[in-house]
Amino acid sequence: MSVEFDFDGSVVLVTGVGGALGGAVARAFDDAGATVCGADIVAPESEDFLLDETEAIDYYQGDFTDEDDVADVVDGVVEEHGRLDALCNIAGTWRGGDPIHETDADTFDLLFDVNLKTMFLASKHALPYLRESEGAVVSVSARSSLEGGAGDGIYRATKAGVRLLTETIAAENEGVVRANAVMPSVIDTPMNREMMPDADFETWVDPDDIATMMLFLCSEGAAVTSGAAVPVYGEA
């Protein structure tokens, strides 16, 4: 069953737009008629930038672990387009494989910066504009954040933080801005296939399906939903 959304006239900011999920979300909003503003630390000409249809978005390069960069990007979006209706916090990364007593502090800093600080800073600077438009924030947590586990505890902790900050934003902006998170298991991306070549890819979640859920959470169809952590596990 196909699902259609109408975001004509809406302005959406997607962080991590150069990645597989960020690109899928950007394309989905573009197809739904939104003005899509994509931000990433990676330049579009880089081989690591996976969004082919870069002409479909207004691209803003910035390091979202740097507050000055975040403020410049968010303010620049509103200056150019006059408003901001939705923020999709997708910037993130994964590191794992080592137990806590063998994990470098640099890995801790990297994961908290990229997964949690980016979400915090983007939300902080977008919220004043989202309050004006009575908009929405959707962030990416993870299924694994629901419990501890061997080998990637730091990653799980960062994604638990995303979930808790989402609940906080929802509580602090009740009736004005809706904030929700999606919780994928393993997303079917080229990087994940490369890292786990022997896995059953058929059980993984397609980025396009997660994008559809994120559009729904930003739509009027989810007007009564805020503070939720929505499973997007697929068959995993």
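The values are calculated or read from the model by the stated rules, or taken from the named source; none is laboratory data. Values in this document were obtained by computation on a predicted structure and should not be read as measured data. Methodologically, a virtual Cβ is constructed for each residue, glycine included, from the backbone with ideal geometry; neighbour enumeration extends over all protein chains shown. Accessible surface areas use protein heavy atoms only, side chains included; no ligands, DNA or RNA. Shrake-Rupley method; radii C 1.70, N 1.55, O 1.52, S 1.80 Å.
Observations on the model:
- Verdict on A91 being open to solvent by less than 30 Å² (accessible area, probe 1.4 Å), at pLDDT 90 or above and out of contact with any strand residue (DSSP E or B) (no Cβ under 8 Å at 6 or more places or on another chain): no
- A single entry from G96, G175, G151, G161 fulfils the requirement of being in contact with a helix residue (DSSP H, G or I) (Cβ under 9 Å, 6 or more places away or on another chain), farther than 25 Å from G38 by Cβ and surrounded by fewer than 24 Cβ atoms within 10 Å (Cβ to Cβ): G96.
Each row is one residue, and each column tells you yes or no for (1) farther than 30 Å from F7 by Cα; (2) at pLDDT 85 or above; (3) outside any helix (DSSP H, G or I).
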{"site": "A150", "(1), (2), (3)": "yes, yes, yes"}
{"site": "R156", "(1), (2), (3)": "yes, yes, no"}
{"site": "I169", "(1), (2), (3)": "no, yes, no"}
{"site": "E174", "(1), (2), (3)": "no, yes, yes"}
{"site": "A179", "(1), (2), (3)": "no, yes, yes"}
{"site": "A199", "(1), (2), (3)": "yes, no, yes"}
{"site": "D209", "(1), (2), (3)": "no, yes, no"}
{"site": "T212", "(1), (2), (3)": "no, yes, no"}
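Okay, residues lined up against (1) at pLDDT 95 or above; (2) of a type in the set (G, A, S); (3) not in a loop (DSSP other than H, G, I, E, B):
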{"position": "E45", "(1), (2), (3)": "no, no, no"}
{"position": "T65", "(1), (2), (3)": "yes, no, no"}
{"position": "D69", "(1), (2), (3)": "yes, no, yes"}
{"position": "V74", "(1), (2), (3)": "yes, no, yes"}
{"position": "V78", "(1), (2), (3)": "yes, no, yes"}
{"position": "G96", "(1), (2), (3)": "no, yes, no"}
{"position": "N115", "(1), (2), (3)": "yes, no, yes"}
{"position": "M119", "(1), (2), (3)": "yes, no, yes"}
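- Close Cβ contacts (under 7 Å, 6 or more residues apart or on different chains) running from residues in the range 12-33 that are free of Cβ contacts under 8 Å to residues at least 60 places away in the same chain to residues that are open to solvent by less than 10 Å² (accessible area, probe 1.4 Å) and among the small types (G, A, S) comprise A26/G38.
- Qualifying residue in the range 7-14 (condition: in a loop (DSSP other than H, G, I, E, B) and of a type in the set (V, I, T)): no
- Scan the range 80-93 for residues that are touching a helix residue (DSSP H, G or I) at 6+ places or on another chain (Cβ under 9 Å) and part of a loop (DSSP other than H, G, I, E, B) and the total you get is 7.
- Within the range 100-113, the set of residues being in contact with a helix residue (DSSP H, G or I) (Cβ under 8 Å, 6 or more places away or on another chain) and either buried (at least 21 other Cβ atoms within 10 Å of the Cβ) or part of a loop (DSSP other than H, G, I, E, B) (or both) comprises T103, L111.
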